[in-house]
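A short worksheet on the structure shown next.
What follows is calculated from the coordinates using simple rules that are stated; it is not laboratory data. Not measured: the values here are computed from a predicted model. Here Cβ is always computed from backbone atoms with ideal geometry, including for glycine, and neighbour counts include all displayed protein chains.
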Amino acid sequence: MLKGAKTGVPLWLLGFGAVRLRTDMNRLLSLLFHQGVLDEQFLQLQQLQDQSSPNFVSEVITIYFHESEKQLRNLRHLLLDREMWDYVKLGIHLNQLMGSSSSIGAKRVRNICAAFRGAVEQNNRSACMRALEVLEHEYCYLKNKLHELFQIEQQRVLGDAVRYPGVVHQQ
Amino acid sequence: MSFIAILKILRLFLKWVFEIMCLNCKIYGLNGRLLTSSKMKKANWKWKRLLLFVLGLILVIGFALFLFSGVFRMKREVRTTCEDKSLVLVEQFNVTKDHLHELASSFYESDQISTLKCTKKLVDGMSMQQEINCALKVPNHEHKLEIWGQCPILDDKAVPTTIPEKHAVEHSNSLLKLCMWALFVVTVCSPIPCLWKICNGRMKKKNLAQSYSSSGAGKLIMMRLLVVFVLFGISISICLFWYLNDGIQFRRKETLANMCDERARMLQDQFSVSMNHVHALAILVSTFYHGKQPSAINQTTFGEYTERTSFERPLTSGVAYALRVRHSEREKFEKEHGWTIKKMETEDQDQTLAQDCDPQNLDPSPMQDEYAPVILSQETVSHIVSIDMMSGKEDRENILRARASGKGVLTSPFKLLKSNHLGVVLTFAVYNVHLHQDATPEQRTNATVGYLGASYDVPSLVEKLLHQLASKQTIVVNVYDTTNVSAAINMYGPKEVDTGLLHISNLDFGDPARKHEMRCRFKQRPSAPWTAILASGGVLTITFLLGHIFYAAIKRIEAVERDFRKMMELKGRAVAADTAKSQFLATVSHEIRTPMNGVLGMLQMLMDTNLDAKQLDYAQTAHASGKDLIKLINEVLDQAKIESGRLELEAVPFELRTILDNVVSLFLTKSREKGIELAVYVSEQLPEVVVGDPGRFRQIITNLVANSLKFTQDRGHIFVSVHLADEATRESEMKDDVLRKILTSVHQSKSNTVCNSNTLSGLPVVTRKKSWENFEKLSGNDLERETAKIKILITVEDTGVGIPVEAQSRIFMPFMQADSSTSRTYGGTGIGLSISKRLVGLMNGEIGFVSEPGIGSTFSFTAVLMKKETNSTDTVLQQYHPSTSEFRGLKALVIDCKSIRAEVTRYHLQRMGISVEITSNFDSAHDYRSASDSADFSMILVDQEVWDKESAFAFLSGIKSSTKLFLLANVVSPTIHDEVKLANLVATIVTKPLRLSVLISSFQETFNVENKKVVARRKPSTLGSLLRDKRILVVDDNVVNRRVAEGALKKYGAIVTCVDSGKAALERLKPPHSFHTCFMDLQMPEMDGFEATRQIRKVESEFNEQIKSGEVSTDLFGNMGQWHTPILAMTADVIQATDEECIKCGMDGYVSKPFEEEQLYSAAARFFESG
């Protein structure tokens, strides 16, 4: 192992860190669950990933982030537009964001969206701004964590791929 | 003056009212947006109070005015009444008693009634004009004289007052006014600090609580109004007192003036009459003494004449004639008469006319220019003969004035010697020639030949006069000689005592040089003005009473308002708490549901994996518990929904009998496991299709049946029967056999239970009639007019353990079990019945039960549903069960020993159009076979209970092969099965409970073997098998959701196509297309799920029309008779009753958005199983 490490090749490439990566991933997931960032819907999403669609989760999450960026941009734009208070549009965007968040199991984002919607319904601009800030913060947090998760996942997959032949042989 | 004050106060009041108006307007203007009905009510109430106030004020003002007018009238009356008219008349015309007598007697003699009318205009010096019309009537039939007088007195001017009198009155008035004003100011000022305090308090309060400002201001205004009102009342009472007192004073003064003037006038008149007589006497003397030579009168004649005519001069004590004798003629005169002219004694007294001393004792008169010795005298004053009148100072002056003026001249009053009364001497000059009116004093002096004097006794004169007048006791009269203003001489009357009012009337005795006046006073001081005091006191009392009432009312209103606010606050809090509770329940149940779904999903997946028996058992237990929990949560959610009033019943047409079949099939397994017979029966009177909420209706029945099933152990039955409410109540309308049988059996047994065989399972049941005895309006009488509505009565009868009597009262309370042990034994939360009760209430029905421990319970409820047009019945039935028509017209024989069970069988068969005969056993069945052609019976249905090998075989051997045999059994007993098989009979076993679908499939199986596939289809299938190779369209605008749904559905083998908008979906789903189903998101921009579905349905129906009309060939598209793509809604929102909404717009169901396997399965199974 040490030799391998010294070669400069990343450790996971050698398939050594598989167990650790898995532990890391689980720890991260449990942390996210504990914090309430994610809920069981994320697990169900993971269940849907199988041989026929190996990258299902990351695909969905990528779409989610892509869409959400747009939504958030729109939201910010709408909120900063001082003259127009188009709460119908705000509501549509929020609904979309909320729907997709609940689909991937981003619980906290979803909850903030709900609060946001409440603020929009009450026509409370300052509350909206606050909610948007919290939402963006939460969104960034989610994004970072999920990226982290996917990185580990990717490493693991790569590691698996590297390791598989060997493992198969061993079994 | 008082009117101006009233006007001012009125103006002030109006100003107040306007201010209030403005204020209120302002308040409401500000709160315009928040103006609610309750506020409106409040405003109304305020205006009502104001109105009350105004009314009260008007009342008081009216009362005051009434009092005023009353006083006016009184005054007028007083003014016009004339107490002593006749006397006045008598005196004014100077008609002495004798004259009147004479006059009267002359009228009497001439024997006729006469009226004397005379008009006199009298203008006195005080510019008082009085017109007196008098009518005198003297009746002839009475000896006694009666005089009526009419005196319309016209007063041009108020009663005149002399200046000093005026001053006095004004002085007293101003004192009174001062007192009044002081009182008024005190009364006005006294509440001001109080008011100020109140204002301050209000202001502080206002600052403290701005929210109540409007009502506070209102109250403040009310208080101010009250204070103003009380002040107004006080001022009114003061004004009233003032006014009344004024009136009384005025009347008093007027009365005094009237009386005084009257007396003065009379005195004056009498005096002038007397004077005329004396004048006449003077003329007589001049005519007969001086005119004749020798004179025709001597002392004797004169004395006699004067004595006899003394009645003409009742006031004179005596008359005497003094001759003018010049000094040159003195001696001649003295000689002629034989006595010397004597001097009037002036040592001890000034003047005396009547001296009791002897004139002989008097000294002879000293030498003078001329003398006036008395030569002729009345007998009463004969002693003054020969006394020189010129020698007395007063008399001399008098004589000189008299002869210069030619008129009667009076002396100043002096004491008459004899009577010791004050008297005056009237002197007339006698001239020797007739003088002109405008003769100069010198001429008169030269022509004078003598002087006639008459002494008047003033006190007796006045006394006599006053005696003739009424009310002499009330006033004191004084007569003064005021020639010398500084030293007036009291001629008559007692010493003056000041008793307040004083009236002075001037007297004119015909001598301009002398001034006399009459002063009248009341004997007593005026008594307190009780009328005024009482009236104003009354007004004051009323004001204070009203004020107190209003004050109390305001206080009360304030208290009530405070209470009301408090109550509103409490109510608001209670409502908020209730809402919060419901919200909490809903949220919590929703929040619990989400993770529970996860748990259940995982468990389901876990069970799909390879587990050993033990693990599977654990997993299954966990799954079952989870399901129970979900069910409980759903129930709680329902309860919360109902409590928060968010549950609304829908009105869709549904088939009652199918619903009941569904319920039965739901409990099929359980009832079979327990060995309980489960049956439904629907009366023929009920229409096939009714309009209502099938989901909730089913929920009620399911609850009741589940409840019954839970408490029924291993034997007996559960019997659900549906009737019209009218059927149960009216004997005449009891057309239904089953109901009649059930109800009549009660009459036989009379006890609380029915223990004959007339029940479904033969076990005794409770009297079901009692379960609806307490219903308030069981009969649909009130609905009869609304023909569109029907009231149905549903009873669920079981033979369970029953409910303990003590627990029966709280059976419908939520979370209440019969007793705590029940939940331990049977489980459950006890919320089901409570929900059922509420649902029944929502359906305008009632629920009740009767229960007997050890025998069973019967639950009944009524529900009001709507009828649907009957013509559509067939089509609906066809739609659901396309194959019922194929058995129409067949005949069947039912062999069953229990009549009710047989009726149930008959009910099901009749639904398919099969005519049914019933017999109780095989022996009696023989009769049917022999009596009629048994070939008529296409089928014979035999209950398992009556199965008896021998008799059955005996009966069945004779029937035709075309007649099919069906064996009805709860649980198929293997022995009978074997027996049937052994007998080589073709018998199909139909497992109870009977349902239409089961019967149909059994019949189809028997009659058409090729239809077996249909039955075979009923094998359980998994989601995977259901969805495999199905083409599914997913419609969602959210790309993430779309992707997730796609992934989930693909997992079950479906071929998924995604579109991102309702429009695209519409495009894709335009028939003909190849999609099996569509999952539709509800919340989409532009065109949401509902709208998209509606449009799709529209397109489909148009297409169907085309197929019907043959425009489009059906063959092309897999022989699809009808295009109806199942559309399932995908929603994340379960709590809002979107379910109903989905169905309304043509969707076939809904799945919650993170897909749940079970739900997805159950939703999908509805189409793919049959499709």
Filtered trypsin sites (Lys or Arg not before Pro), region A:53-102: DSSP coil and at most 13 other beta carbons within 10 Å: A:ARG82
Using a Förster distance of 25 Å, the FRET efficiency for B:VAL599-A:GLU148 (Cβ separation, nearest 0.05): 0.35
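If Rh is defined by the Kirkwood formula over all Cα pairs and Rg also comes from Cα, what ratio Rg/Rh do you get for region B:548-655? It would help to have the intermediate numbers written out before the result.
On the way: Rg = 25.7 Å, Rh = 18.4 Å.
Value, to two decimals: 1.40.
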Separation of the B:ASP563 and B:ASP578 label points, Cα + 7 Å toward Cβ, nm: 2.2
Label-point separation (nm) for B:SER1074 and B:ILE533, each offset 7 Å from Cα along Cα-to-Cβ? 12.0
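Counting other Cβ atoms within 10 Å of each Cβ, which trypsin sites (Lys or Arg not before Pro) in region B:269-347 have at most 11 and sit in a DSSP loop?
Details: sites: B:LYS292, B:ARG308, B:ARG324, B:ARG326, B:ARG330, B:LYS332, B:LYS335, B:LYS342, B:LYS343; in loops: B:LYS292, B:ARG324, B:LYS343.
Taking region B:269-347 and a limit of 11 other Cβ atoms within 10 Å, the loop trypsin sites (Lys or Arg not before Pro) found are B:LYS292.
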Length gained when the stretch B:LYS407-B:LEU65 is fully extended (0.36 nm per residue, less Cα-Cα span): 117.3 nm
Here, A:LEU80 and B:VAL652, labelled 7 Å along Cα→Cβ, have an inter-label distance in nm of 4.8
Please list the non-local residues whose amide H lies under 5 Å from the amide H of B:TYR451, H modeled 1.01 Å from N, same-chain partners needing a gap of 5 or more. B:ALA322, B:LEU323, B:ARG324, B:VAL430
Quote to one decimal, in nm, the extra length available between B:LEU666 and B:LEU629 on full extension: 0.36 nm per residue of separation minus the C-alpha distance between them. 11.5 nm
Which of A:LYS143/B:LYS1051; B:LYS1063/B:LYS1098; B:LYS670/B:LYS710; B:LYS393/B:LYS415; B:LYS791/B:LYS898 have a Cα-Cα distance over 18 Å? A:LYS143/B:LYS1051; B:LYS791/B:LYS898
Between B:SER328 and B:GLN299, what FRET efficiency comes out of the Förster formula 1/(1 + (r/R0)^6) with R0 = 30 Å and r the beta carbon distance, rounded to 0.05? 0.80
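Suppose a student asked you for the relative contact order of region B:467-573, using Cα pairs under 8 Å spaced at least 6 residues apart; what percent would you report? Don't skip to the answer; put the middle values down first.
Details: 101 pairs, mean separation 24.4, N = 107.
Reported relative contact order: 23 percent.
How much FRET efficiency would the formula 1/(1 + (r/R0)^6) give for B:MET813 and B:ALA788, where r is the Cβ-Cβ distance and R0 is 35 Å, rounded to 0.05?
Details: r = 35 Å, r/R0 = 0.99.
Step by step, r from the Cβ atoms, then E = 0.50.
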